[in-house]
Amino acid sequence: MTELAERFQQLLPHLLGTPALAVLLTLIAYFLSLGIFRRLGQPAWCPPVLLAAVLLAALLMLLAIDYRDYQQGADWLTFLLGPATVALGVPLYQQFHHIRALWRPILITIPLAATVAALYALVIAWALGASGEVLASLAPKSVTAPIAIGINEQIGGSVSLLMGSLLATGVLASLFVEWLARWLGVSDDRLIGLTLGINGHAIGTVRAFEISAIAGAFSSLGMGLTGVFTALLLPFALTTLGVI
Amino acid sequence: MPLLRGFLTLLLFLMLGEALRLLFQWPVSGGIIGMLLLSLWAMLSGGVRDDVALASQKLIAILIVLLMPGVVGVFFLGNRFDGQWPAIALALVGGTFLSVLSTLALLRLQLPDSSKARSHD
C-alpha cells in the first residue's frame, strides 16, 4: 500500500516528463474557455484567449506545476506557430484583389501606425519612470508573437512580460477597435481588419476572422507588414534613442 | 492525405523562410517570410492548391491554442516588476487606445467615404 502511495507521488513528475500533460492541460483550458465564452454571449472584452490563459494559469497553480516544466512540454504546440504563420499567406492571397484596390492607404498607414503603436506605449511608460528592461519588453507589444520574440532577442527585455503585453494589447485592441470604429463611423470590414492586425497582431486577427473573411485577410496583412516594419526599425530606433 | 500534404507545403515554406533569414541575416522571423513567399507563390502560379488551403484553414482555426503556452507566462512573473505595474498597465491601455484611434483616424482621412462604399455591397 505504501509502495502504491509512493508511486502515486511520482506520478505528476513522470507525466510532466512527456509533452502529453502540458498539451492536455492546454486543450482542457481552451475548450473550457470556449464553453464559457459562448455562455457569456461572446463578449469582445473577454475573448477566449484571455479566458483560456487565466484558466490554464489556474490549472498550473492548482497542480503546482512549474511554468518552465509546462513550457517545455507545450513546445509541441508552440512549434506549430511557425507553419500557422505561413498559413496566413493563404487568406492573404485569396483576398489579394481587395488589398490591391487599397494599396496606397495601406502603404501610407502601416509605417506610421506601427511607429506610433510602439511610441505611445514607450512614452507613457518612460514618463512614469519604467526601467529600461520594461521599456524593451513593451516596445514590440503590437507585433505578432514569433516576430516579437525575434525582436526581443535583439533588444532584450523580459519574454514573459512581453508575452503578457501581447495578450493585453491584443485584447484591448480588439475592444477599442469595436468602440472607436463605431464612434468614428467606420463600418468597412477592410479598414476594421487592417486596424485590428496593425494594433492587435494575432489576437486581433482571430477577432477579425470572427467578423468576416475579408476583415481576416486585411488583418493578416496588417499584422504581417507591421511585424516586418517593426522588426526592421525598432532595434535601430531604440539604439539611436539610447533606450538600450 | 490532403491535410498532411498541405502541411508539408507549409513546412517547406517555413524552412525556406528560415533559410533566407539566416543567409541574409534578416531580423524578421522565418514564419513571416514564409507567409509572404507563400502568397507570392500563389500569385505567380495562379492559385492555392486545395490541400494547402485546407491545412492553412485548420491551422488558423487553432491559432489561439498555439499562442496559449507563451501568453500564460505572464501569470508566473513573480515580483520582478513590483512597483512598475502602474506604468506598465497605463502604457498598455493608454498606448493601445491612442494607437487604435490614430490608425482608424489615419485610414478614415485617406478613405473618407469608405463607410458609404461598403454598405452598397
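Check A:Gly157 against each of (1) in a helix (DSSP H, G or I); (2) over 21 Å from A:Thr109 (Cα atoms); (3) without any contact (Cβ under 8 Å) to a residue 60 or more places away in the chain and name the one condition it does not meet.
For A:Gly157, the exception is condition (1).
Suppose we filter segment A:143-154 for residues that are over 22 Å from B:Phe97 (Cβ atoms), touching a helix residue (DSSP H, G or I) at 6+ places or on another chain (Cβ under 6 Å) and either small (Gly, Ala, Ser) or touching a residue at least 60 places away in the same chain (Cβ under 8 Å) (or both); how many remain? If you could, list the steps in order and put the result at the bottom.
At the first step, the residues of segment A:143-154 found to be over 22 Å from B:Phe97 (Cβ atoms) are A:146-147, A:149-154.
Pick out the ones that are also touching a helix residue (DSSP H, G or I) at 6+ places or on another chain (Cβ under 6 Å) and you get A:146-147, A:151-152, A:154.
Next, from what is left, pick out any that are either small (Gly, Ala, Ser) or touching a residue at least 60 places away in the same chain (Cβ under 8 Å) (or both): A:146-147, A:151, A:154.
The number of residues fulfilling the criteria is 4.
The rows are residues; the columns are (1) more than 14 Å from A:Leu80 (Cβ to Cβ); (2) assigned to a helix (DSSP H, G or I); (3) open to solvent by less than 50 Å² (accessible area, probe 1.4 Å); (4) not basic (Lys, Arg).
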position	(1), (2), (3), (4)
B:Leu12	yes, yes, no, yes
B:Met15	yes, yes, no, yes
B:Leu20	yes, yes, yes, yes
B:Val65	no, yes, yes, yes
B:Gly70	no, yes, yes, yes
B:Phe75	yes, yes, no, yes
B:Phe97	yes, yes, no, yes
B:Pro112	yes, no, no, yes
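Would a scan of segment A:171-183 turn up a residue that is open to solvent by 10 Å² or more (accessible area, probe 1.4 Å) and among the small types (Gly, Ala, Ser)?
no
Taking the options A:Pro91, A:Pro140, name whichever one is at the interface with chain B (Cβ under 8 Å from one of its Cβ atoms), touching a residue at least 12 places away in the same chain (Cβ under 8 Å) and buried (at least 23 other Cβ atoms within 10 Å of the Cβ).
Values: A:Pro140 fails: at the interface with chain B (Cβ under 8 Å from one of its Cβ atoms).
One residue alone meets the criteria, A:Pro91.
On the basis of being touching a helix residue (DSSP H, G or I) at 6+ places or on another chain (Cβ under 6 Å) and closer than 19 Å to A:Thr85 by Cβ, does B:Ser56 make the cut?
Spelling it out, B:Ser56 is indeed touching a helix residue (DSSP H, G or I) at 6+ places or on another chain (Cβ under 6 Å) and closer than 19 Å to A:Thr85 by Cβ.
Given the structure, is A:Gly204 surrounded by 24 or more Cβ atoms within 10 Å (Cβ to Cβ) and either within 8 Å of another protein chain (Cβ to nearest Cβ) or assigned to a loop (DSSP other than H, G, I, E, B) (or both)?
On the way: surrounded by 24 or more Cβ atoms within 10 Å (Cβ to Cβ): yes; either within 8 Å of another protein chain (Cβ to nearest Cβ) or assigned to a loop (DSSP other than H, G, I, E, B) (or both): no.
No; evaluated as a whole, the condition is false for this residue.
With respect to A:Ala5, is the statement that it is at pLDDT 90 or above and part of a helix (DSSP H, G or I) true?
Working: at pLDDT 90 or above: no; part of a helix (DSSP H, G or I): yes.
Answer is no for this residue.
Based on this model, can you work out whether B:Ala55 counts as without any contact (Cβ under 8 Å) to a residue 60 or more places away in the chain, among the small types (Gly, Ala, Ser), open to solvent by 10 Å² or more (accessible area, probe 1.4 Å) and on the phi < 0 side of the Ramachandran plot?
On the way: without any contact (Cβ under 8 Å) to a residue 60 or more places away in the chain: yes; among the small types (Gly, Ala, Ser): yes; open to solvent by 10 Å² or more (accessible area, probe 1.4 Å): no; on the phi < 0 side of the Ramachandran plot: yes.
Against the criterion (without any contact (Cβ under 8 Å) to a residue 60 or more places away in the chain, among the small types (Gly, Ala, Ser), open to solvent by 10 Å² or more (accessible area, probe 1.4 Å) and on the phi < 0 side of the Ramachandran plot), B:Ala55 does not qualify.
Quick check on my filter: what residues within segment A:71-88 are more than 30 Å from B:Gly47 (Cβ to Cβ) and facing another protein chain (nearest Cβ under 7 Å)?
Step one: of segment A:71-88, the residues more than 30 Å from B:Gly47 (Cβ to Cβ) are A:71-78.
Answer for segment A:71-88, where residues must be more than 30 Å from B:Gly47 (Cβ to Cβ) and facing another protein chain (nearest Cβ under 7 Å): A:Gln71, A:Ala74, A:Leu77, A:Thr78.
Of all residues in segment A:143-154 being in a helix (DSSP H, G or I) and hydrophobic (A, V, I, L, M, F, W, C), which is surrounded by the fewest Cβ atoms within 10 Å (Cβ to Cβ)? Walk me through it before giving the result.
Just the residues of segment A:143-154 that are in a helix (DSSP H, G or I), to begin with: A:145-154.
Narrowing further to those that are hydrophobic (A, V, I, L, M, F, W, C): A:145, A:147-149, A:151.
Details: A:Ala145: 27, A:Ile147: 24, A:Ala148: 27, A:Ile149: 19, A:Ile151: 25.
Filtering first and then ranking leaves A:Ile149.
The values are calculated or read from the model by the stated rules, or taken from the named source; none is laboratory data. All figures in this text were calculated on a predicted structure; none of them were measured in a lab. Counting neighbours? That spans all protein chains shown, and the Cβs are built from the backbone with ideal geometry, glycine included. Heavy atoms of the whole protein, side chains included, go into the accessibility calculation; ligands, DNA and RNA do not. Shrake-Rupley method; radii C 1.70, N 1.55, O 1.52, S 1.80 Å.
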